[in-house]
Amino acid sequence: MKKFAFILAFFCLLSCDRKKDNDEAEALLEDNVEANYESYGQEISPKGTFSSSVMLEKYESLRGGDTIDVKFDTKINSVCQSKGCWMVLELPGVDDVMVKFENYGFFVPKDAMGKDVIVRGKAFIEETSVEEQRHYAEDAGKSIDEVMAIREPVKKFGFTADGVLIKK
């Protein structure tokens, strides 16, 4: 019985020591994040981030009206030059993703184009019907031939971010 108690106490000490090591490693990671990234919006971590190619697969599985909560990394292709109130992100081989910020609660720097970024929030598909596209085309003064040439709905990738990390 004494041997069993000794072995049990030994394993308890080992597991407590591992937890301390894990806590220290996590603290170092958090410090590294702060040193390597500028944070905007809600505080987020780079842990559990999807690549842009995995994100593309997720977008391709969505239909109009679907949304998913996700975090992914990519590059910034452009930023609103008025106040930094939106940005366009790169996805491999397709149209880019338009990112707006939750409730316009924060903005990003206007000079962030080309930087690596991690965004967390809601991904969705915006689908514009043929009728709506034709209406926009008429409003834009397009010819009747151009208006009637619109024959298929258009799907675009959208994203509402609640947190952003931009690599320094």
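The values are calculated or read from the model by the stated rules, or taken from the named source; none is laboratory data. These numbers were taken from a predicted model, which means no experiment stands behind them. Please note: Cβ atoms are built from the backbone with ideal geometry, for glycine as well, and neighbour counts cover all protein chains shown. Heavy atoms of the whole protein, side chains included, go into the accessibility calculation; ligands, DNA and RNA do not. Shrake-Rupley method; radii C 1.70, N 1.55, O 1.52, S 1.80 Å.
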| If only one of Y104, Y40, Y59 is within 13 Å of the chain's Cα centre (by Cα) and over 18 Å from K156 (Cβ atoms), which one is it? | Y40
| If you check Y104 against the conditions, is it more than 24 Å from S39 (Cβ to Cβ), aromatic (F, W, Y) and open to solvent by 10 Å² or more (accessible area, probe 1.4 Å)? | no
| Can you tell me which residues in the range 43-65 are farther than 20 Å from I125 by Cβ and exposed (fewer than 15 other Cβ atoms within 10 Å of the Cβ)? | E43, K47, G48
